[in-house]
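What follows is one structure encoded as structure tokens, with my remarks underneath.
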Amino acid sequence: MSKLAVQGGTPAVDKSLAAPAWPEVTPEDEQAVVRALRTGDLTSLTRGGAVEQLEADWARLTRTEHCIAVSNGTAALSLALSAIGVSHGDEVLVPALSFIASAVAPLHIFAIPVFVDIDPETFNIDPADLRARITPRTKAIIVVHLHGLPAAMDEIRAIARDHDLQVVEDAAQAHGAHYRDRPTGGLGDIATFSLNVSKNLPTCGEGGLVTTNRAEVAEKVRMLRQFGERLEPGKRRTYTHWSAGWNNKLSAVQAAFTRSQLARFETNNDRRDHNVRRMLERISALPGVVCPSIPADRTHAWHILRFRFHARDAGLDDVTDGAFRMTVQRALRAEGVPLTEYQRIPLPAQPFLQPEARANNNDPWTLFPERNYVYDSMKYPVTCAVIEDSSTIQRSHLHPESGELLDAYASAFEKIFANLDVIHRMARAARYSPPWASHAPEATT
Ligand SMILES: *Cc1c(COP(=O)(O)O)cnc(C)c1O
């Protein structure tokens, strides 16, 4: 049996198999950007310009009535919440495991995030816990389709209907994923996407998209991204401001780049799906690894691949899942698989939400001191367990030509699990503490 790289053996993933760069930039993408520059269409809101074209394309792909391009996915969330009427003091339900944007977008409009635990298999908001966290002040739910897998929308919509709540899809990681044959973006009252370079549908920088089927809500988002103005197509600007809007537009150059990416968006998704599934099929045969699962009624955009590691199922009875995960992660990294933790702290345990930090800034808690919001990560046991026992692959699998690389990753997993005696010894000797025990950054190598 070949010696593990962590013990000085040869890594399973050959160095010549570097991950193809993401985003993929083709000569067509370059030309699209140059064309946008040459047309002089550099403002965001030119009629018939690149921004409008991108909005029309994305509305068509998400099968929604309206799409509004904005400056990034975080701004998209704040605009969406504002547009559906969430305002200061309202509570917004947010999953305890997500990117930070899902938690701060409500705060940016002085609404208060209330966290909800996740489902241990889909990693998405848990409908049962969601119901339990509703109060008379709850106004909306931010449903994150985490890692690219749509959340349990029918259950969530039924709860929303019962309690008169609005549903915002945070689809920043789930471009092109489907739930019961319907694409993300039209599964709630309003949806937001990120076009950040790291996402499945990138721009050459920062950007975002908002989709909705509600005309009045779309109008509000348009107004809020443009200084609170109502610009009339074909008419001169009057500089009248109907609300204290923001400046959250997307540039034409960035829209042109994303439109060019859209030309191969669906084929890229299919090829990624094929590559990832082929890898997961091999890894899921290994006892003690839990691969991402997909309920039969949805598709996965595979933005992030999260693996859970369970020591007992691997036959290791005397080590914790956390120590097992940490050891396997180290060993796999040595083999050339770039496993990293994604979110090392439950959102409610982030330092800025703790009482010490809150006293010093003008977040909404200072407006409502009588409401004693306590953010206690112990109330989110599934989120904590998932953070301790799982690790992720990000970005290196996104390129459609990463198939060979992912095959090598699968071989590396197989090599590690053929040497569980070594892993067992290492895990027993390891000094393990949960990721949230230290905020110190680790070396990148
Ligand atoms: C990336 C991301 C965002 C924010 O998007 P930006 O464009 O980076 O502001 C929001 N929510 C989730 C779940 C994300 O992954």
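What follows is calculated from the coordinates using simple rules that are stated; it is not laboratory data. If you're wondering where the values come from, they're calculated on a predicted model, not measured in any experiment. Because the Cβ atoms are built from the backbone with ideal geometry, glycine has one as well, and the counts that use them run over all protein chains shown.
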If Ser243, Ser78 are placed from fewest to most neighbouring beta carbons inside 10 Å, the sequence is Ser243, Ser78
Quick check on my link table: of Lys15/Lys415; Lys139/Lys220; Lys220/Lys249; Lys199/Lys220, which ones sit more than 23 Å apart, alpha carbon to alpha carbon? Lys199/Lys220
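Calculated from DSSP H runs of 4 or more alone, at -39500 (n - 2.57) each and per residue, what is the 222 nm mean residue ellipticity of the chain, nearest 500? Kindly include the intermediate steps, with their values, before the conclusion.
Values: 14 runs with 156 residues, N = 445.
Computed mean residue ellipticity for the chain: -10500 deg cm²/dmol.
For Glu219 and Ile100, FRET efficiency with R0 = 30 Å and r from the beta-carbon atoms, rounded to 0.05? Could the numbers behind the result be given before it?
Numbers: r = 29 Å, r/R0 = 0.97.
Once the sixth-power term is evaluated, E becomes 0.55.
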Separation in nanometres of the label points that stand 7 Å from Cα toward Cβ, at Glu65 and Thr46: 3.0 nm
Using a simple charge model, +1 on the beta-carbon of Lys and Arg, -1 on the beta-carbon of Asp and Glu, nothing else, what dipole does the stretch 1-62 show about its Cα centre, in debye to the nearest 20? 240 debye
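Of all GluC sites (Glu not before Pro) in the stretch 333-424, which ones are in loop regions per DSSP and have a Cβ with at most 10 other Cβ atoms within 10 Å?
Values: sites: Glu335, Glu341, Glu356, Glu370, Glu388, Glu401, Glu404, Glu414; in loops: Glu341, Glu370, Glu401.
Qualifying residues, ordered by number: Glu370.
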Please name whichever of Ala5, Ile423, Phe324 sits farthest to the positive end of the charge dipole of the chain, dipole taken about the Cα centre and charges placed at Cβ: Lys and Arg +1, Asp and Glu -1. Ala5
Dipole magnitude (debye, nearest 20) for the chain, charges at Cβ of Lys, Arg, Asp, Glu: 720 debye
Using the 10 angstrom Cβ neighbour count as an exposure proxy, how do Ile142, Ile100, Ile118 rank, fewest first? Ile100, Ile118, Ile142
Ordering of 295-308, 15-28 by burial proxy (mean other Cβ atoms within 10 Å per residue, highest first): 295-308, 15-28
Checking the cross-link filter: which aspartates and glutamates have an alpha carbon closer than 18 Å to that of Lys3, excluding same-chain neighbours under 8 positions apart? Asp14, Glu335, Glu414, Asp421
Mind listing the long-range amide H neighbours of Ala311? Cut-off is under 5 Å, sequence gap 5 or more, other chains count too, H placed in the peptide plane at 1.01 Å from N. Asp321
Cα gyration tensor of the stretch 1-40, axes a ≥ b ≥ c as square roots of the eigenvalues: rounded (a/c below 1.5), prolate (a/b > b/c) or oblate? prolate
Per 5 Å bin from zero, what fraction in whole % of the C-alpha pairs of the stretch 340-427 is there, up to the bin with the longest pair? 2, 11, 13, 13, 13, 12, 10, 8, 6, 7, 5, 1
Give me the Kirkwood hydrodynamic radius of the stretch 160-301 in Å, from all C-alpha pairs, to one decimal place? 17.9 Å
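With N denoting the number of residues in the chain, provide Rg(C-alpha) divided by 2.2 N^0.38 Å, to two decimal places.
Details: Rg = 22.7 Å, N = 445, 2.2 N^0.38 = 22.3 Å.
Dividing the Cα Rg of the chain by 2.2 N^0.38 Å gives 1.02.
Taking loop as defined by DSSP and a crowding limit of 16 other beta carbons within 10 Å, which GluC sites (Glu not before Pro) in the stretch 34-86 fit? Present the calculation step by step, with values, prior to reporting the outcome.
On the way: sites: Glu52, Glu55, Glu65; in loops: Glu65.
Answer in residue order: Glu65.
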Full extension from Thr10 to Arg312: what is 0.36 nm times the residue separation minus their Cα-Cα distance, to one decimal in nm? 105.9 nm
Fraction of the pair-distance distribution of the stretch 299-348 above 17 Å, Cα-Cα pairs, percent: 48 percent
Those trypsin sites (Lys or Arg not before Pro) in the stretch 365-445 that DSSP places in a loop and that have at most 16 other beta carbons within 10 Å: Arg371, Arg431
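Quick one: Cα convex hull volume of the stretch 34-101, Å³ per residue?
Details: hull volume 10.1 nm³, N = 68.
Cα-based convex hull of the stretch 34-101, divided per residue, equals 149 Å³.
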How big is the stretch 243-330 on each of its three principal axes, counting only the C-alpha atoms and giving the largest first in Å? 58, 36, 29
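Multiply the residue separation of Leu37 and Ala296 by 0.36 nm, subtract the distance between their alpha-carbon atoms, and state the gained length in nm to one decimal. Working shown, then result.
On the way: separation 259, 0.36 × 259 = 93.24 nm, distance 4.48 nm.
In short, 88.8 nm is gained.
With N denoting the number of residues in the stretch 65-171, provide Rg(C-alpha) divided by 2.2 N^0.38 Å, to two decimal places. Don't skip to the end; give the middle numbers.
Values: Rg = 12.7 Å, N = 107, 2.2 N^0.38 = 13.0 Å.
Its radius of gyration relative to the 2.2 N^0.38 Å reference: 0.98.
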